[in-house]
Amino acid sequence: MSHAVVDLVDYDDAIARFDPVIGIEVHVELGTRTKMFDAAPAGFGEEPNTSVTPVSLGLPGSLPVVNGTAVEYAIRIGLALNCSIAQTCRFARKNYFYPDVPKNFQTSQYDEPIAYDGHVDVELEDGTVFRVEVERAHMEEDAGKNTHVGGSTGRIHGAEYSLVDYNRAGIPLVEIVTRPITGAGERAPEVARAYVQTLRDLFRALEVSEARMERGNVRADVNVSLRPTPQSPLGTRTETKNVNSFRSVERAVRHEISRQAAVLDAGGAVVQETRHWHEDTGTTTSGRVKSDAEDYRYFPEPDLVPIAPDRAWVEEIRAALPELPAARRRRLQGEWGFADAEMRDVVNAGAIELIEATVAAGAAPAAARKWWMGELARTAKEREVELAELPITPTQIGALQALVDAGRINDKLARQVLEGVLAGEGDPEQVVVARGLEVVSDDGPLLEAIDAALAAQPDIAEKIRSGNLGPVGAIIGAVMKATRGQADAGRVRELVLERVSS
Amino acid sequence: MSTLSRDEVARVAGLARIDLTPAELDRLAGELDVIVESVARVSEIATPDVPATSHPLPLTNVFRADVPEPPVDRDAVLAAAPAAQDGKFLVPQILGEDA
């Protein structure tokens, strides 16, 4: 494998002279209870080789049977991607030898995918909507997992032998393939990331997968090619495999654009090949392509009969589709009365669910937004975590706002309560009690503090008595200070005026 | 008319990881040719209005309910493997296919 260092062309420079075209293949592991072709439990994190059966081990004489729920999930995905659902389709064998594929072929779909000709509208951070055409979505099975032993880095290079765990072998996958994505120009990396993110959100909304990137539930292969102008024929593409975070998808596209521009500038030709993504360096390297690597000798799977989804069943699945993320965003924006820019910030901050739950806990939408997009967003940024990872729940924010609404705490105290909840001191009510943060609503202590303040500043007291209300703020300030901010300033003002006029 | 060249047979053998001697290649090129030609006669009967068939049974939509069944015992499985370690199958060094 080559680690040759290429001088990259500056991204803006590359974009000024080349038109990038991208294509993305997304694999999603379906959240079924069992595998695609056998009844082995499809879990996560079990002991190695404890979720295997003769079928998922590819033992002679074992016969696959299709998981009907997996087919339903695939149709659900196809419909949500605005695809046509095949009248009839088949599985095919994709033949290759690799230790994580115990049968020596992967059961996949080849020329007859279950869903085809769709599209998905992707919203970029600034609100621009970009339509990505979907060529197909097909069903297949996952491979096992190899662990390379020996060698210095745990990578295959230099490994002495490998260990194989087949728990993942046979987990249902749906692979979604785009048509070439053109017209994105300099925003191609951003479109790529937003597309994968949109699909992830869709999988979750459809409840077909937990779609956790960090567990590899969703994996992306990113194709990139360059051409001199948008009118030119498509250039030679590379395929960067297994890019498994949103940020990496964006970085991988960006890197390939800069790298390919450098190759073309030097008078070279881009080699059509598989490339590997290196998270640590943000670069790709060539995966050595074997001459027969692409010769998979697909043929129809003789052990499985065709799938012909009944039209009534397809329509039933369509009718039962949940509200999809884009429609939900529009509905919530209307219900909450947020401006476009406000809603976009909420979406980009990943705060929709949090605000929705906070509103459900009784807070007004504006108040919910104020907390999550204000204090909490700042805290999350300081701690370098996602909003949802903060140790505070929407229910607690709802309770906090309820205390404000009831007049038991003011905004300033509420921030201290928030601090206490984030510090693990319990629910807002507990923090209020433990820290003694309640607004002093009993006039007695307030009057004492007012009298003390007036006595301490007799000249100011005199001015107020003579009708000059200008310096009243100084007295209010002194009272607020004496009560550690726990007084209602409006009430203090009323009491001061009563006091001097009596 | 020969449709299968000796080189083609060698390539297919390579894909299938079958190590053939030159003598075997010569013999199999001829034998496979006969098989391919015999099968090709199907296309004389199967006119374009005959749909391609991948399965002899006129069945579709044979589905299984998504209900787990007990997996097989790992120790029994690994006992049948040439080598195992840490509950996993141990396979020889994988050469140069991936990185």
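The values are calculated or read from the model by the stated rules, or taken from the named source; none is laboratory data. Model, not experiment: these values are computed from the prediction. Backbone-built Cβ (ideal geometry, glycine too); neighbour counts: all protein chains shown.
Just one of B:V77, B:V12, B:V36, B:V72 is surrounded by 11 or more Cβ atoms within 10 Å (Cβ to Cβ), facing chain A (nearest Cβ under 10 Å) and within 19 Å of the chain's Cα centre (by Cα); which is it?
Going through B:V77, B:V12, B:V36, B:V72 in turn, just one is surrounded by 11 or more Cβ atoms within 10 Å (Cβ to Cβ), facing chain A (nearest Cβ under 10 Å) and within 19 Å of the chain's Cα centre (by Cα): B:V12.
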*Of the residues A:E175, A:E214, A:E186, A:E210, which single one is in contact with a helix residue (DSSP H, G or I) (Cβ under 6 Å, 6 or more places away or on another chain), surrounded by fewer than 21 Cβ atoms within 10 Å (Cβ to Cβ), among the acidic types (D, E) and assigned by TED's automatic domain parsing to the domain that holds A:G68?*
A:E186
_Yes/no for A:R415 being within 30 Å of A:R491 (Cα to Cα), charged (D, E, K, R) and part of a helix (DSSP H, G or I)_ = yes
*asked:* Tally up the residues in segment A:241-263 that are over 20 Å from the mean Cα position of the chain (by Cα) and hydroxyl-bearing (S, T, Y), please.
replied: 1
*Please specify each residue of segment B:44-69 satisfying the condition of being surrounded by fewer than 10 Cβ atoms within 10 Å (Cβ to Cβ), among the charged types (D, E, K, R) and not in a loop (DSSP other than H, G, I, E, B).*
B:E44
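Going through A:E356, A:E342 one at a time, which residue ends up being farther than 18 Å from A:R378 by Cβ and not basic (K, R)?
A:E356
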*How many residues are within 14 Å of chain B (Cβ to nearest Cβ), assigned to a loop (DSSP other than H, G, I, E, B) and among the hydrophobic types (A, V, I, L, M, F, W, C) when one looks only at segment A:115-151?*
1
*So which residues in segment A:425-441 are modelled with pLDDT of 85 or more and more than 15 Å from A:L376 (Cβ to Cβ), if there are any at all?*
A:E425, A:G426, A:D427, A:E429, A:Q430, A:V431, A:V432, A:V433, A:A434, A:R435
*Could you tell me whether A:V28 is in contact with a Phe, Trp or Tyr (Cβ under 6 Å, 6 or more places away or on another chain) and more than 14 Å from chain B (Cβ to nearest Cβ)?*
yes
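Yes or no: B:L20 away from every other protein chain (no Cβ under 14 Å), part of a helix (DSSP H, G or I) and closer than 28 Å to A:F97 by Cα?
Working: away from every other protein chain (no Cβ under 14 Å): yes; part of a helix (DSSP H, G or I): no; closer than 28 Å to A:F97 by Cα: yes.
Here the answer is no, as B:L20 does not meet what is asked.
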*Test set (1) within 7 Å of chain A (Cβ to nearest Cβ); (2) modelled with pLDDT under 90; (3) in contact with a helix residue (DSSP H, G or I) (Cβ under 7 Å, 6 or more places away or on another chain) - B:G87 fails condition number*: (2)
*Would you pick out the residues in segment A:208-240 that are more than 15 Å from A:I176 (Cα to Cα), under 15 Å from the mean Cα position of the chain (by Cα) and either charged (D, E, K, R) or not in a loop (DSSP other than H, G, I, E, B) (or both)?*
A:E210, A:R212, A:M213, A:E214, A:R215
*Determine which single condition A:N104 fails, assuming it passes every other condition in (1) facing chain B (nearest Cβ under 10 Å); (2) closer than 21 Å to B:A16 by Cα; (3) free of Cβ contacts under 8 Å to residues at least 24 places away in the same chain.*
(3)
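Given the criteria crowded, with 19+ Cβ neighbours inside 10 Å and either under 25 Å from B:A65 (Cα atoms) or at pLDDT 95 or above (or both), does A:Y110 qualify? Please lay out each step first, then the result.
Details: crowded, with 19+ Cβ neighbours inside 10 Å: no; either under 25 Å from B:A65 (Cα atoms) or at pLDDT 95 or above (or both): yes.
No, not satisfied.
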*Considering each of A:A16, A:A39 in turn, give the residue that is away from chain B (no Cβ under 14 Å), without any contact (Cβ under 8 Å) to a residue 60 or more places away in the chain and surrounded by fewer than 22 Cβ atoms within 10 Å (Cβ to Cβ).*
A:A16
*Taking the stated definitions as given, is A:A360 more than 17 Å from the chain's Cα centre (by Cα) and crowded, with 18+ Cβ neighbours inside 10 Å?*
no
*Could you pull out the residue among A:E375, A:E382 that is surrounded by 14 or more Cβ atoms within 10 Å (Cβ to Cβ), in the same structural domain as A:A423 (by TED's automatic domain parsing), at pLDDT below 95 and charged (D, E, K, R)?*
A:E375
*Please go through segment A:61-87 and pick out each residue that is in contact with a Pro (Cβ under 7 Å, 6 or more places away or on another chain) and farther than 20 Å from A:V134 by Cβ.*
A:S62, A:N67
*Within segment A:308-328, restricting attention to residues that are touching a residue at least 24 places away in the same chain (Cβ under 8 Å), closer than 11 Å to A:L79 by Cβ and not aliphatic (A, V, I, L, M), which residue is surrounded by the most Cβ atoms within 10 Å (Cβ to Cβ)?*
A:P309
